[in-house]
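First comes the structure, then the notes that go with it.
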Amino acid sequence: MKHPPLLKIIEDLANQNYSVEHTEVLLVNDHSEDQSTQIVAQQIVGRPHFRMLSLCRMEMREKKRAITLALNNATGTIIATTDADCRISSSWLTLINEGFGDPEVKLVFGGVSIDGERFFLPDFRHWSFPA
């Protein structure tokens, strides 16, 4: 089974023009029943700033738990989140980081585009991502 969106977002994250020394990429397996875990494991070889995490089998399969697991394991001071079916530009992390140049800034939203099939409520889906 092919996973183009997953492969695309991993490549997008690997091709950021932001310093690798200041980047940590946490990919969370939320009980995926396809080959996603194996695909991620293959794609992160040779990329020491990438790590794969997995929800415990006892935990429910939901996006909030996956994000919480990543947040609890993150070591950085600025956190950026995305999803497997999103696309980001090569300057995504640079632009988010620049947004925090002002010490008064507490939240920066970095846009993404959603890859794949059309969605019933596209505008709602785009706005629900930051939630």
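The values are calculated or read from the model by the stated rules, or taken from the named source; none is laboratory data. The structure presented is a predicted model; accordingly, all values stated were derived computationally and were not measured. Glycine also receives a Cβ, built like all others from the backbone with ideal geometry; neighbour counts cover every protein chain displayed.
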Taking the stretch 1-24 as the search range and keeping residues that are touching a Ser or Thr at 6+ places or on another chain (Cβ under 8 Å) and charged (D, E, K, R), which one is surrounded by the most Cβ atoms within 10 Å (Cβ to Cβ)?
D12
Would it be correct to say that Q42 is modelled with pLDDT of 90 or more and assigned to a loop (DSSP other than H, G, I, E, B)?
no
In the stretch 25-70, which residue that is surrounded by fewer than 16 Cβ atoms within 10 Å (Cβ to Cβ) and among the acidic types (D, E) is farthest from P4 (Cα to Cα)?
E59
Give all pairs with beta carbons closer than 8 Å in which a residue from the stretch 14-32 that is within 14 Å of G76 (Cα to Cα) meets a residue that is outside any loop (DSSP other than H, G, I, E, B) and basic (K, R); count only pairs at least 6 apart in sequence or on separate chains.
E24/R51; V25/R51; L26/R51
Keeping to the stretch 71-82, report how many residues are loosely packed, with under 12 Cβ neighbours inside 10 Å and of a type outside the set (G, A, S).
4
